[in-house]
Amino acid sequence: KEEDYEKTYQKYGEILQTLPKERGWMSEHPVRYQGCWLSPKSALKGVILLQNHLRNRPTDIILAAFMKCGTTWLRTLMFAIMNRSLYDFSSHPLLKTGPHDCFPFLDAYIYENYPITDLEVLPSPRLFATHIPYTLLPESATASGCKFVYIWRDPKDVLISKWQFMNKIKPEELPSLSIREAFEMFCQGISHYGPFWDHVLGYWKASQESPEMILFLKYEEMKREPLVYIKRLAEFMGQPFSLEEEKEGVVQEILKLCSFENLSNLEVNKIGVQKFSNVLVVNNREFFRKGQIGDWENHLTDEMKERIDQITEDKFKDTGIDI
Ligand code: A3P
């Protein structure tokens with residue numbers, strides 16, 4: 001109801017007043033909310049609106065990730081797996097649709113499309129994406145029995161990918177961030193939805209408690225054995241490939257369709273744009289940079305590498321996460 005949303009907006013305004021701020025990656029200063037750094041006008045608003053208004057269904061599947069860990073790839077894979085009986089690979093919607101248009105990104109969607117009635121009319125099973133850390137998810141998501149697919153990546157590559165991305169999408173009048181500035185903020189945890197390590201740990205712990213609810217993936221492992229992981233993803237989504245499909249090469253077709261080489265060369269991803277909100281419009285080509293493992297070696301000094309590796313080791317030791 002309209003008045004419920006008004007109340008949530010009021011609550012958001014009150015919370016915002018109380019939060020510590022820091023200098024961030026762009027002109028807007030991120031705020032720290034329950035241990036997480038969020039852009040005040042978008043992510044924080046999104047989190048609070050979702051916590052109060054999202055109604056999940058047990059059949060929903062949510063793709064969750066820290067920025068630049070592989071959302072674009074996973075989005076297309078999940079969409080292609082889920083809808084494979086509907087489309088032919090030669091005229092597939094992904095050949096004409098930007099990868100971020102194939103299902104809603106909850107965090108931005110909610111404050112641009114208020115009230116969220118059109119999410120309610122989507123047929124089940126619904127696919128969503130989010131960058132929200134596990135601890136800030138709405139209870140509706142964690143208690144509804146819906147599933148999560150989580151992907152993470154070597155933080156050194158996340159940093160480089162994010163640094164390059166932010167410099168591409170920043171307003172022209174802002175100066176570029178140096179790698180040193182980006183590195184310092186990243187190490188201090190000041191990064192959209194960060195700290196990075198807490199984000200990974202939140203989903204890791206939840207996946208240990210409920211492995212049937214959270215599929216915990218790593219970009220590097222998927223790159224090395226994509227067919228194995230596409231099959232695992234399909235099983236987890238409740239859509240395993242039949243023997244017939246495997247014989248017909250459907251898994252390979254999906255891999256090919258969603259590959260970096262294929263997607264990045266499509267017209268829609270060369271010249272199309274993704275409108276996340278009224279103020280955030282990103283050229284689709286910025287979602288495709290190199291798609292490789294280990295590009296950090298071209299940008300980080302030995303000292304920077306060691307500092308990030310040390311943080312990772314300290315944060316992840318005794319957790320069971322395979323670094
Ligand atoms: P690089 O900047 O290292 O190239 P996200 O999608 O979460 O924003 O992550 C972006 C990273 O995923 C970028 O990494 C991008 O190039 C890579 N990427 C995009 N599409 C991909 C695909 N189909 N396969 C593999 N990697 C992909």
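The values are calculated or read from the model by the stated rules, or taken from the named source; none is laboratory data. Predicted, not measured: the structure shown is a model, and the values here were computed from it. Counting neighbours? That spans all protein chains shown, and the Cβs are built from the backbone with ideal geometry, glycine included. Surface areas here come from the heavy atoms of the whole protein model, side chains and all, with no ligands, DNA or RNA. Shrake-Rupley method; radii C 1.70, N 1.55, O 1.52, S 1.80 Å.
The figures follow:
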quantity: So E235, is it without any contact (Cβ under 8 Å) to a residue 60 or more places away in the chain, assigned to a helix (DSSP H, G or I), open to solvent by 70 Å² or more (accessible area, probe 1.4 Å) and closer than 29 Å to F183 by Cβ; calculated: no
quantity: Members of region 140-174 found to be within 16 Å of S210 (Cβ to Cβ) and within 16 Å of the ligand (Cβ to nearest atom), listed by number; calculated: F148, V149, Y150
quantity: Which numbered condition R285 fails, given (1) away from the ligand (no atom under 11 Å from the Cβ); (2) open to solvent by 60 Å² or more (accessible area, probe 1.4 Å); (3) not small (G, A, S); calculated: (1)
quantity: Output for region 165-187, where each listed residue is within 27 Å of D314 (Cβ to Cβ) and either under 20 Å from the mean Cα position of the chain (by Cα) or free of Cβ contacts under 8 Å to residues at least 24 places away in the same chain (or both); calculated: F165, M166, S178, R180, E181, A182, E184, M185, F186, C187
quantity: Of residues in region 119-135 being modelled with pLDDT under 95 and not hydrophobic (A, V, I, L, M, F, W, C), the one nearest to F236 (Cα to Cα); calculated: P123
quantity: Which listed residue, of G189, G249, is closer than 30 Å to N83 by Cβ and surrounded by fewer than 21 Cβ atoms within 10 Å (Cβ to Cβ); calculated: G249
quantity: Test: T18 is free of Cβ contacts under 8 Å to residues at least 24 places away in the same chain and over 18 Å from the mean Cα position of the chain (by Cα); calculated: yes
quantity: Answer residue from region 252-274, given it is outside any loop (DSSP other than H, G, I, E, B) and among the aliphatic types (A, V, I, L, M) and is surrounded by the most Cβ atoms within 10 Å (Cβ to Cβ) among those; calculated: I254
quantity: Selection count, region 123-136, where residues are in contact (Cβ under 8 Å) with a residue 12 or more places away in the chain and part of a loop (DSSP other than H, G, I, E, B); calculated: 6
quantity: Residue identified as open to solvent by 20 Å² or more (accessible area, probe 1.4 Å), within 23 Å of V149 (Cβ to Cβ) and either modelled with pLDDT of 95 or more or assigned to a loop (DSSP other than H, G, I, E, B) (or both) among E244, E212; calculated: E212
quantity: Residue match in region 297-319 (condition: within 12 Å of the ligand (Cβ to nearest atom), in contact with a helix residue (DSSP H, G or I) (Cβ under 7 Å, 6 or more places away or on another chain) and either among the hydrophobic types (A, V, I, L, M, F, W, C) or closer than 30 Å to F183 by Cβ (or both)); calculated: yes
